[in-house]
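K.L.:
Got a structure for you, written out below as structure tokens; questions coming shortly.
The values are calculated or read from the model by the stated rules, or taken from the named source; none is laboratory data. Remember, predicted model here, so these are calculated numbers, not experimental data. All Cβ positions, even for glycine, are placed from backbone atoms using ideal geometry, and neighbour counts span all protein chains on display.
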Amino acid sequence: MISNVLTGYGHGFVIHHSQGILHARKVILATGGRSIPKSGSDGFGYSLARRLGHHVTATVPALVAAGARWIRCFTRHFPVSPIDVKLTTIIKRRHVDSRTGGLLWTHFGVSGPVVMDASRFWCLAQEQEETVAVYGSFLPDQTSGTGAAMVHGPSGRHSSTLPSRRRSDS
């Protein structure tokens, strides 16, 4: 495992690694991102590239599922198969993203394509310590009035059944 790469010794590099030291005229830096630190993908390559004088574009983990303790109550009441949801991300009170897609309720929180796609905005805001909120519409094709009528029924009383899911791809 490489622990450091130094320049300025002659016209090459000095590479410090777990087996000792290696001198090289050229170095190719190929590294993973920061998505799974337990696997060694902790961003070391980015810090190394900066130390060697390269400009590195800021990155954040993406394709991240969202977890929260309060979500566990939903997992008993909602289907395991994906439901179409519209997620809207607001950063510093500014709308930055809206997308509709499949959401899955899991034992740890929510996942699915729409959550994974939207996660990049949430992660970036968290990294920059900005205020972020993600809102979900579980009736993305309905107006608020139509949604209320579906839940309360035409008489205005609370319905005991939820509307069946409409899937355009089934």
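K.L.:
Kindly check whether there is at least one residue in segment 135-158 that is among the basic types (Lys, Arg), surrounded by fewer than 17 Cβ atoms within 10 Å (Cβ to Cβ), within 30 Å of residue 43 (Cα to Cα) and at pLDDT below 85. Talk me through it step by step, then tell me what you get.
P.N.:
As a first pass, look at segment 135-158 and keep what is among the basic types (Lys, Arg): 157.
Among the residues that remain, those that are also surrounded by fewer than 17 Cβ atoms within 10 Å (Cβ to Cβ) are: 157.
Going one step further and asking which of them are within 30 Å of residue 43 (Cα to Cα), we end up with none.
No, that holds for no residue.
Residues are listed down the side, and each one gets a yes or a no for (1) modelled with pLDDT under 85; (2) among the aliphatic types (A, V, I, L, M):
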residue: 57; (1), (2): yes, no
residue: 87; (1), (2): no, yes
residue: 91; (1), (2): no, yes
residue: 98; (1), (2): no, no
residue: 106; (1), (2): yes, no
residue: 114; (1), (2): no, yes
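K.L.:
Test of understanding: among 117, 141, which residue is in a loop (DSSP other than H, G, I, E, B), without any contact (Cβ under 8 Å) to a residue 60 or more places away in the chain and of a type in the set (D, E, K, R)?
P.N.:
On the way: 117 fails: in a loop (DSSP other than H, G, I, E, B).
That would be 141, the only listed residue that is in a loop (DSSP other than H, G, I, E, B), without any contact (Cβ under 8 Å) to a residue 60 or more places away in the chain and of a type in the set (D, E, K, R).
K.L.:
Of everything in segment 4-18 that's farther than 12 Å from residue 51 by Cβ and not aliphatic (A, V, I, L, M), which residue is farthest from the chain's Cα centre (by Cα)? Explain how you work it out, then say what you get.
P.N.:
Applying the first criterion (farther than 12 Å from residue 51 by Cβ) to segment 4-18 yields 9-12, 14-18.
With not aliphatic (A, V, I, L, M) added as a condition, the list becomes 9-12, 16-18.
Values: 9: 41, 10: 44, 11: 42, 12: 39, 16: 34, 17: 33, 18: 33 Å.
Among those that are farther than 12 Å from residue 51 by Cβ and not aliphatic (A, V, I, L, M), it is 10.
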